[in-house]
Amino acid sequence: MNKWIFLNFLLLLLVSPVLLAEGIKLNSFVDKASTSTDDEIKFTITLSHPQDVDVNIPDVGPLILGLSINQFGDKKPETIKNIVLKEKWFILKANISGTYQLPPIEITSNNETFKTSPIFVEFKDPNVETKNDASQSDIRDIKNIYLSPTSYFWLVLIILLIALILGSLYYYKFHYKKNSVSIALPAHETAFSELKKINKIEFNTREEAKLFSFKLSEIIRIYFEDMLNVNVTDKTTGEIKKTLYTSTNINDQHQKNFIKLLEDTDLIKFTDILPDNSQKSELYNLAYTLIEETKPKVIETQEDLV
């Protein structure tokens with residue numbers, strides 16, 4: 001059995017990516033766990049839930065790192081015996097051989113969070129693979145190795161030394177670091193920093209436009225989730241409209257601009273249109289202005305003015 005298929009099978013057994021709660025079933029899988037860089041892998045996410053439960057598969061594209069998204073799409077939801085079936089899929093390809101991690105999928109329903117496990121996939125260099133396979137034929141069995149009593153002493157000593165090092169690393173990671181002070185940036189500063197990064201993305205092809213739109217939508221969603229203290233990152237634009245309707249922390253004009261930004265990026269993400277660079281600038285400026293106008297205001301005291 002291929003080692004990567006076996007690894008994913010163990011993850012499936014140990015972590016259980018299929019989560020069952022209140023009739024909700026969430027699953028993520030690939031059609032193959034190992035292939036060459038000349039081939040592609042299909043990453044599929046499925047979700048089933050009762051009709052009276054309002055939950056959706058979140059935006060996953062920005063979380064897929066290191067791999068090219070050649071195609072993606074979602075199936076039209078189906079309802080069978082009061083159970084709604086939803087599916088999203090991505091066709092992935094790697095330009096460089098190696099092992100990649102597909103992200104875990106997370107949803108929230110009735111104040112409970114459900115999460116699948118990550119999936120590991122391997123893309124091999126077809127030339128290197130052929131060479132390695134040819135070299136395997138030269139390997140012969142060797143006789144068993146028997147350790148002398150002196151060797152056992154050194155073996156035990158090495159094992160104790162390794163255990164001491166691992167114990168020190170564990171203490172440093174989970175105890176020492178807890179005492180250090182970490183300063184988190186305000187949400188608007190983080191958003192401005194991420195906007196500056198994605199502004200470097202070209203906007204000449206559909207793939208570049210979709211990547212820019214995925215990341216811009218993710219940045220503005222995370223910012224408003226922190227500002228409004230409500231869940232918007234894993235909701236559809238229609239669900240976010242309902243949430244903002246009852247919110248008093250944002251005025252009507254900012255609500256309209258926020259929804260317009262989500263609708264415009266959705267149009268690029270889920271259709272085959274190719275917008276021009278002027279639309280990229282319009283989306284970027286709208287997001288920047290929205291964050292600038294809604295960020296917390298700094299109140300200057302009389303001492304600051306002196």
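Structure notes:
- Count of residues meeting criterion [touching a residue at least 60 places away in the same chain (Cβ under 8 Å) and of a type outside the set (Asp, Glu)] in the range 39-54: 5
- Put simply, of Lys297, Lys215 the only residue that is modelled with pLDDT under 90, under 19 Å from Thr190 (Cα atoms) and among the basic types (Lys, Arg) is Lys297.
- Residue match in the range 57-67 (condition: at pLDDT below 90, surrounded by fewer than 17 Cβ atoms within 10 Å (Cβ to Cβ), assigned to a loop (DSSP other than H, G, I, E, B) and in the same structural domain as Gly98 (by TED's automatic domain parsing)): yes
- Residues of the range 252-269 that are free of Cβ contacts under 8 Å to residues at least 24 places away in the same chain and either of a type outside the set (Asp, Glu) or part of a loop (DSSP other than H, G, I, E, B) (or both): Gln253, Gln255, Lys256, Ile259, Leu267.
- Among the criteria (1) farther than 25 Å from Leu262 by Cβ; (2) in a loop (DSSP other than H, G, I, E, B), the one Ser48 does not fulfil is (2).
- Applying the condition of being of a type in the set (Val, Ile, Thr) and assigned to a loop (DSSP other than H, G, I, E, B) to the range 194-235 and asking which residue is farthest from Ile250 (Cα to Cα) yields Thr205.
- Residues in the range 202-220 that are out of contact with any strand residue (DSSP E or B) (no Cβ under 8 Å at 6 or more places or on another chain) and aliphatic (A, V, I, L, M): Ala209, Leu216, Ile219, Ile220.
- Scanning the range 22-41 for residues that are in contact with a Phe, Trp or Tyr (Cβ under 6 Å, 6 or more places away or on another chain) and within 26 Å of Ile107 (Cβ to Cβ) yields a total of 3.
- Meets criteria (without any contact (Cβ under 8 Å) to a residue 40 or more places away in the chain, among the hydroxyl-bearing types (Ser, Thr, Tyr) and surrounded by 13 or more Cβ atoms within 10 Å (Cβ to Cβ)) for Thr233: no
- Sole exception among (1) surrounded by 13 or more Cβ atoms within 10 Å (Cβ to Cβ); (2) more than 20 Å from the chain's Cα centre (by Cα); (3) closer than 21 Å to Pro58 by Cα; (4) touching a residue at least 24 places away in the same chain (Cβ under 8 Å) for Asp272, by number: (1)
- Of all the criteria given as (1) among the polar types (S, T, N, Q); (2) closer than 29 Å to Phe90 by Cα; (3) surrounded by 12 or more Cβ atoms within 10 Å (Cβ to Cβ), the one not satisfied by Asn277 is (3).
- Thr265 vs. criteria on the phi < 0 side of the Ramachandran plot and in contact with a helix residue (DSSP H, G or I) (Cβ under 6 Å, 6 or more places away or on another chain): yes
- Considering residues of the range 97-122 that are β-branched (Val, Ile, Thr) and at pLDDT 90 or above only, the residue farthest from Gly23 (Cα to Cα): Thr99
The values are calculated or read from the model by the stated rules, or taken from the named source; none is laboratory data. It should be emphasised that the depicted structure is a prediction, and the values quoted were computed from it without experimental measurement. Using ideal geometry, Cβ is built from the backbone for each residue, glycine included, and neighbour counts are taken over all protein chains shown.
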